[in-house]
Structure formats: C-alpha cells, structure tokens
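Undergrad: Structure in structure tokens, see below.
The values are calculated or read from the model by the stated rules, or taken from the named source; none is laboratory data. Values in this document were obtained by computation on a predicted structure and should not be read as measured data. Don't worry about glycine lacking a Cβ; one is built from the backbone with ideal geometry, like all the others, and counts go over all protein chains shown.
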Amino acid sequence: MKEIIENYHADAVQSFRNYKKMAERAIEQVSDEEFFALIDAEANSIAVIVKHIAGNLNSRWRDFLTSDGEKDDRHRDTEFELIDDTRESLMQFWERGWQTLFDAIEPLTPEDFSRTVPIRGEPHTIVEAINRQLTHYTYHIGQIVLLAKHYRSSEWKTLSVPKNQSAQFNQFLADKQASGETKTNRLDAPFEFSESNR
C-alpha cells in the first residue's frame with residue numbers, strides 16, 4: 001500500500017507541474033492584448049482564468065492539512081473581475097499560487113494520506129482533495145490552451161502531437177526508448193518532438 005501511495009503522490013506532483021507548464025507555454029505565445037481579450041461578452045479571458053486558478057490555488061493549498069480549503073479571506077467572485085490587474089501582477093499571483101500548492105503537496109507522507117481535509121465544510125480524503133483540484137485546474141488550463149491556439153492560429157506552436165504525425169511521434173518515442181530512456185515526460189515528449197521538426 002505504501003508503494004501505491006508513493007507512486008500516486010509522485011504522479012500527482014508531476015501532473016500538476018506538467019499542466020502548469022502547459023498553461024505557461026500557451027500563455028507565452030499570446031500578446032498582452034490577447035491575454036486580456038474576450039471572445040464574447042460571457043467568456044473569460046486568459047487573464048481572468050489565470051486569476052481564478054491562482055485564487056483557488058492560494059485558498060485550497062494554504063494550510064492544506066489544518067484548515068478548510070475555502071478560506072475566509074478568499075473573494076472568489078472578484079477572481080472573475082479585472083481591477084487594476086496587469087499581466088505581470090497576474091502572473092506573479094499565478095506563481096505564488098502554484099508555489100503554495102507545491103509547498104503543501106510535495107512534503108506529504110504516506111501517513112498523511114490517511115487524513116481528511118475539509119473543502120467548504122465537506123470532508124475529503126487527501127486523494128479526493130488532490131483529484132478535485134487536479135481536474136479543476138486541467139479544465140481551466142484546457143480553456144487557456146484553446147484561447148491561445150485560437151489567437152495564434154497558424155502561428156501556434158503545438159503542445160501536443162502535431163496533426164498527421166502520430167506514426168512519426170511513435171517512432172520518436174521508440175528511438176528514445178532504444179537509446180535507454182525508459183520513461184518520458186507526457187508533456188515534454190510531444191513538445192520536444194514538435195520542436196525537433198521545426
């Protein structure tokens with residue numbers, strides 16, 4: 001059981017790191033105007049999604065094992081408003097949020113996984129709390145990628161296996177394995193493949 005928990009823990013940490021990097025690789029491709037742009041009146045901009053994810057990160061992971069994940073000082077509704085926010089200030093907020101997550105999750109021990117933590121008063125196992133947030137962030141990061149790809153159009157640098165290149169990508173992985181690399185990073189491998197073909 002301990003080995004299963006350790007494997008899950010390591011994969012969860014790596015998954016959070018991968019999706020953070022995916023979002024940042026998308027964000028770095030857009031201009032400031034595109035970062036704040038709305039595709040329609042009801043849509044969220046990349047800036048707003050960044051602000052919301054950062055607000056959630058700062059609330060859920062601060063004092064993770066000892067307090068409710070919905071902090072009294074969080075004002076969720078304002079995460080969907082831009083008030084004197086700049087791209088720089090939002091990306092600093094984003095970075096602080098992710099650091100709060102990694103500071104909370106990386107030191108977890110197998111024994112910690114027997115505990116429960118509340119989110120909005122509802123008890124969650126550690127696995128449930130991690131999965132809840134991992135799926136929430138990936139949902140929004142998918143939105144960031146979609147918007148960035150929309151704005152970049154033909155200039156988009158893909159973050160996944162390029163269209164009509166699945167066979168070449170599989171060969172790329174086989175070549176890596178043949179050279180002794182037994183495990184590749186799920187996010188980095190498609191990106192490396194795409195970059196090597198530029």
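Undergrad: Whether any residue in region 86-101 is out of contact with any His (no Cβ under 8 Å at 6 or more places or on another chain), among the small types (Gly, Ala, Ser) and on the phi > 0 side of the Ramachandran plot is what I want to check.
TA: Looking through region 86-101, none of the residues is out of contact with any His (no Cβ under 8 Å at 6 or more places or on another chain), among the small types (Gly, Ala, Ser) and on the phi > 0 side of the Ramachandran plot.
Undergrad: Here's a follow-up. Sort through 79, 95, 106 and tell me the only one that's among the acidic types (Asp, Glu), closer than 16 Å to residue 11 by Cβ and assigned by TED's automatic domain parsing to the domain that holds residue 46.
TA: Testing whether each residue is among the acidic types (Asp, Glu), closer than 16 Å to residue 11 by Cβ and assigned by TED's automatic domain parsing to the domain that holds residue 46 leaves just 106.
Undergrad: While we're here: Here is a list: 32, 40, 112, 103. Which entry is within 22 Å of residue 159 (Cβ to Cβ), of a type outside the set (Lys, Arg) and free of Cβ contacts under 8 Å to residues at least 60 places away in the same chain? Steps first, please.
TA: Numbers: 40 fails: within 22 Å of residue 159 (Cβ to Cβ); 112 fails: within 22 Å of residue 159 (Cβ to Cβ); 103 fails: within 22 Å of residue 159 (Cβ to Cβ).
Selected residue: 32, the only one of 32, 40, 112, 103 that is within 22 Å of residue 159 (Cβ to Cβ), of a type outside the set (Lys, Arg) and free of Cβ contacts under 8 Å to residues at least 60 places away in the same chain.
Undergrad: Could you grab me the full set of residues in region 160-191 that are on the phi > 0 side of the Ramachandran plot and of a type in the set (S, T, N, Q)?
TA: Listed by number, the list holds a single entry, 164.
Undergrad: Sort through 25, 74, 60 and tell me the only one that's crowded, with 16+ Cβ neighbours inside 10 Å, charged (D, E, K, R), touching a residue at least 60 places away in the same chain (Cβ under 8 Å) and over 13 Å from residue 144 (Cα atoms).
TA: 60
Undergrad: While we're looking at this one, here's another question. Can you report the number of residues in region 86-95 which are farther than 16 Å from residue 144 by Cβ and either modelled with pLDDT under 95 or surrounded by 13 or more Cβ atoms within 10 Å (Cβ to Cβ) (or both)? Don't jump to the end; show me each part of the working.
TA: From region 86-95, those farther than 16 Å from residue 144 by Cβ are 86, 88-89, 92; that's our starting set.
Retained after the next criterion (residues that are either modelled with pLDDT under 95 or surrounded by 13 or more Cβ atoms within 10 Å (Cβ to Cβ) (or both)): 86.
Of the residues in region 86-95, 1 are farther than 16 Å from residue 144 by Cβ and either modelled with pLDDT under 95 or surrounded by 13 or more Cβ atoms within 10 Å (Cβ to Cβ) (or both).
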